[in-house]
1. Are there helices (runs of 4 or more DSSP H) fully within segment 74-168 with at least 2 residues that are within 16 Å of ligand 1 (Cβ to nearest atom), within 23 Å of residue 334 (Cβ to Cβ) and within 19 Å of the chain's Cα centre (by Cα)? List them.
2. Any residue at all in segment 275-293 that is crowded, with 17+ Cβ neighbours inside 10 Å, within 16 Å of ligand 2 (Cβ to nearest atom), over 19 Å from residue 178 (Cα atoms) and free of Cβ contacts under 8 Å to residues at least 60 places away in the same chain?
3. Quick check on residue 174: is it free of Cβ contacts under 8 Å to residues at least 24 places away in the same chain, closer than 28 Å to residue 247 by Cβ, away from ligand 1 (no atom under 14 Å from the Cβ) and in contact with a helix residue (DSSP H, G or I) (Cβ under 9 Å, 6 or more places away or on another chain)?
4. Being closer than 30 Å to residue 60 by Cβ and either within 11 Å of ligand 1 (Cβ to nearest atom) or touching a strand residue (DSSP E or B) at 6+ places or on another chain (Cβ under 8 Å) (or both) is the requirement here; does residue 183 meet it?
Ligand code: FNR
Ligand code: LAC
């Protein structure tokens, strides 16, 4: 049975129960943003965890589980955030820090801070405006927006409303012509880099999605692929997304696919999903201009190491020949500072943006980015760092011959 228009924002009990898929939103909550502080139903939204809790109350279980969940026992999912928490900051005092400057560049493109928006699928499960809301939030924060191949809005509409820098994340389809077409359309639509995700030749089993029979509700599709005949999930029991990936994504991904992509596009290629120094170096030697150290937010291979553990190896192996970014479990500005201390140029955030979108669309996602910016600014001040280049590995050790103190 089809869901009537407006179902995304229906109150629980309104249209719920009319299909097997219950209303995506369980209730309408009042969001109020005054004086730089967000509130939902007068509860203050002070940090990312507040947004996550508010999102959980807002979303249907199936959607919240899809966004929040990880593969199998969710060990990597938990360890990603725990890894940043475990690192300790040996801050420097009496460092005479004035106003902080956190502006930087990614592949030569300026961003106001080293906090970027990771590609995540299906934003219309979070809010009506979907990916356009996320792109506008990144634009307001003057940072990078990466659009997923698996968006609920066609890339042409999203990029038209996104500011520079805007990159397109690519999954390689079994059908080379489909993949070629996605790349050509991304170039024409104004994408400024292609982010090739390499950690998903198949989908890690998310048991929550299996139990919930996760699928897109009526009216939502994989819009970029709809004109290419791949807009809908197969009708199956269990996770419809897992069946979609099995049917469509190229399983035997190899370095020849990276070579093919680098030859097929004039845009720089970023390789996302790397877990080892040797792979990072090889990817850069095959043409990648940047690497994202990532385990897909713990959603692919469970018991893969936390990205905080992988990052130093990748920086040491390939940091001299390409830019290195990292994502996974970044929930505080101090996590960002730690990632930069290890050697990342910038971090990406996935779920925090989704929670912002769930709670209040563009405004919520923009507030999430401002929370992280403020926390990073505070961490820089308290660590004795006025600019990003002051941040280094010395911060993670009690004393260091390379510390700016002894320099
Ligand atoms: C993702 N991620 C992802 N990555 C990608 O390359 N293409 C995609 O379509 C998606 N889709 C997606 C959906 C959802 C719901 C999540 C949570 C994640 C992975 C994403 O880019 C990023 O690597 C992680 O989200 C980073 O971890 P945190 O910040 O969510 O902990
Ligand atoms: C995910 C895919 C689609 O993590 O990247 O759900």
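Laboratory data are not the source of any read-out in this text; all were calculated from the coordinates shown. What you are looking at is a predicted structure, and each value in this text was computed from that prediction instead of being measured. Glycine gets a Cβ as well: all are built from the backbone with ideal geometry, and neighbour counts include every protein chain shown.
1. Details: elements: 75-86, 130-140, 155-161.
In segment 74-168, 75-86, 130-140 are the helices (runs of 4 or more DSSP H) which contain 2 or more residues that are within 16 Å of ligand 1 (Cβ to nearest atom), within 23 Å of residue 334 (Cβ to Cβ) and within 19 Å of the chain's Cα centre (by Cα).
2. Of the residues in segment 275-293, the ones crowded, with 17+ Cβ neighbours inside 10 Å are 275, 277, 279-284, 288-293.
Cutting the leftovers down to within 16 Å of ligand 2 (Cβ to nearest atom) gives us 275, 292.
Next cut, over 19 Å from residue 178 (Cα atoms) only: 275, 292.
Okay, now just the ones that are also free of Cβ contacts under 8 Å to residues at least 60 places away in the same chain, so none.
Within segment 275-293, none of the residues are crowded, with 17+ Cβ neighbours inside 10 Å, within 16 Å of ligand 2 (Cβ to nearest atom), over 19 Å from residue 178 (Cα atoms) and free of Cβ contacts under 8 Å to residues at least 60 places away in the same chain.
3. Details: free of Cβ contacts under 8 Å to residues at least 24 places away in the same chain: no; closer than 28 Å to residue 247 by Cβ: yes; away from ligand 1 (no atom under 14 Å from the Cβ): yes; in contact with a helix residue (DSSP H, G or I) (Cβ under 9 Å, 6 or more places away or on another chain): yes.
No; evaluated as a whole, the condition is false for this residue.
4. Details: closer than 30 Å to residue 60 by Cβ: no; either within 11 Å of ligand 1 (Cβ to nearest atom) or touching a strand residue (DSSP E or B) at 6+ places or on another chain (Cβ under 8 Å) (or both): yes.
No; evaluated as a whole, the condition is false for this residue.
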